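Enquirer: Here it is, the structure in full.
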């Protein structure tokens, strides 16, 4: 379910609150499961519990399950960590996404 969040004066893109499964991929073998909390065209905040050492600007892969009813509806791409909130999760800034995933992201934000 998507719902508008309060706007921040520094943000230009609409940000919506969502609760969907998401995962962060580090390297080729490590995957962390999380929960998407908010989303815009350029970034997302993913709630996850991890004791892994991650730093700002680390590059990670991401996958967001757009529909809990259809597991083929993933949004995939690469991102950089833009903020880390200890005990809560991390914000990512999208750096690479194919056209199909970008289209799915735009559709999700319209809902």
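We did not get these values from a lab; they are worked out from the coordinates using the rules stated. Because the structure is predicted, anything quoted here is derived from the model rather than measured. Don't worry about glycine lacking a Cβ; one is built from the backbone with ideal geometry, like all the others, and counts go over all protein chains shown.
Enquirer: For 85, 60, what ranking results if the residue with the fewest other Cβ atoms within 10 Å of its Cβ goes first?
Expert: Details: 85 10, 60 21.
Ranking 85, 60 by Cβ neighbours within 10 Å, fewest first, gives 85, 60.
Enquirer: How long, wide and thick is region 3-110, going by the Cα atoms along their three principal axes, in whole angstroms, largest first?
Expert: Principal extents (Cα only, largest first): 35, 34, 22 Å.
Enquirer: For the pair residue 102 and residue 54, how long in nm is the line joining their label points, each one 7 Å along Cα→Cβ?
Expert: Using points 7 Å along Cα→Cβ, the separation is 2.4 nm.
Enquirer: Let me ask something additional. When Rg is the radius of gyration of the Cα atoms in region 37-99 and Rh is its Kirkwood radius, what does Rg/Rh come to? Mind showing how you got there, number by number?
Expert: Details: Rg = 11.9 Å, Rh = 12.3 Å.
Rg/Rh: 0.97.
Enquirer: Something else: When you count, for each residue, the other Cβ atoms within 10 Å and take the mean per peptide, how do 15-27, 37-49 rank with the highest first? Each step should come with its number before you reach the end.
Expert: On the way: 15-27: 17.7, 37-49: 19.2.
Ranking the peptides 15-27, 37-49 by packing returns 37-49, 15-27.
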